[in-house]
């Protein structure tokens, strides 16, 4: 098992390509990439929270997936949670976003550097929710089709992917 030191998490280390040879330097870089991806994923999930607040208050979205999942799991929240319950929902969503970001960060650099990779990854996560998670948990989103809800969720997952992939060009050293 590789030991990771703070210098290994520096941005310049996170953007180097390994040769796939499996040596210790490659292991450190892939850990740094996954950790950097987790940070970007948490931030991207926070951006999604802002988008969802807008779509909820604009009447476009009825219930967010994190709220539906927590309500299903706890049997609570017949109405929108507030206070500590709301904080739990958000922390769970940000944690899920961080986990998704870590997976994205572990993808090969050649994939992650493509301008379409982040948005495509975000849409794949959304499709996973729509086609697998919502039906498996018998969430309301799986039982009734609201095109406006689906569109709003697709857009906020595109936002997640854009933030996750850092679509700006990186400076070369």
Taking the residues in segment 36-58 that are at pLDDT 90 or above and out of contact with any helix residue (DSSP H, G or I) (no Cβ under 8 Å at 6 or more places or on another chain) as candidates, determine which candidate is nearest to residue 97 (Cα to Cα). 50
Matching option when the condition is touching a helix residue (DSSP H, G or I) at 6+ places or on another chain (Cβ under 9 Å) and either at positive phi or modelled with pLDDT under 85 (or both), among 67, 33: 67
Answer residue from segment 79-124, given it is assigned to a loop (DSSP other than H, G, I, E, B) and within 19 Å of residue 46 (Cα to Cα) and is modelled with the highest pLDDT among those: 83
Out of everything in segment 141-167 that is crowded, with 16+ Cβ neighbours inside 10 Å and farther than 30 Å from residue 113 by Cβ, what residue ends up being modelled with the highest pLDDT? 149
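The values are calculated or read from the model by the stated rules, or taken from the named source; none is laboratory data. Bear in mind that the values here come from a model prediction, so they are computed numbers and not experimental data. Glycine gets a Cβ as well: all are built from the backbone with ideal geometry, and neighbour counts include every protein chain shown.
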